[in-house]
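In what follows, a single structure is set out as structure tokens and then discussed.
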Amino acid sequence: MQGVSFRYYAKAEADSLGLQGYIKNLPDGSVYVEVEGSDNALSKFVTWCHDGPKHAQVREINVDSVSELKGFKEFEIQFQ
């Protein structure tokens, strides 16, 4: 998913939905996201992720839900 600014567009989408968490590229070329927020906002974010930004080719999305919140303060892009 690299090379289409997915992380930057995802941050903009998360910010517009009032979500907190982070996004980062993984060595295998995939993108990893941890995000917290209201159920409605999370649903909209996951829906957005299925398509992503223009020129993105999303092949697969895996969603895991957990009940324990980490208390993120904002949504950020992590660089390794």
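Against the numbered list (1) under 21 Å from Gln80 (Cβ atoms); (2) surrounded by 10 or more Cβ atoms within 10 Å (Cβ to Cβ); (3) over 10 Å from the mean Cα position of the chain (by Cα); (4) not small (Gly, Ala, Ser), Pro27 comes up short only at (2).
Among the numbered conditions (1) part of a loop (DSSP other than H, G, I, E, B); (2) modelled with pLDDT of 95 or more; (3) of a type outside the set (Ser, Thr, Tyr), the only one that Met1 does not meet is (2). Taking into account only those residues within the stretch 1-24 that are of a type in the set (Gly, Ala, Ser) and surrounded by 15 or more Cβ atoms within 10 Å (Cβ to Cβ), which is nearest to Glu60 (Cα to Cα)? Within the stretch 1-24, the match that is nearest to Glu60 (Cα to Cα) is Ala10. Looking for whichever is at negative phi, modelled with pLDDT of 95 or more and within 11 Å of the chain's Cα centre (by Cα) here; the options are Glu74, Glu34. Which one fits? Being at negative phi, modelled with pLDDT of 95 or more and within 11 Å of the chain's Cα centre (by Cα) holds for just one of Glu74, Glu34, which is Glu34. Summed over the stretch 29-80, the residues that are part of a loop (DSSP other than H, G, I, E, B), among the aliphatic types (A, V, I, L, M) and touching a Gly at 6+ places or on another chain (Cβ under 7 Å) give a count of 1. Every condition in (1) modelled with pLDDT of 95 or more; (2) in contact with a strand residue (DSSP E or B) (Cβ under 8 Å, 6 or more places away or on another chain) holds for Leu26 except the one numbered (1).
So is Gly52 under 13 Å from Glu13 (Cβ atoms) and at pLDDT 95 or above or not? No; evaluated as a whole, the condition is false for this residue.
The values are calculated or read from the model by the stated rules, or taken from the named source; none is laboratory data. Quantities reported herein were computed from a predicted structural model and do not represent experimental measurements. Don't worry about glycine lacking a Cβ; one is built from the backbone with ideal geometry, like all the others, and counts go over all protein chains shown.
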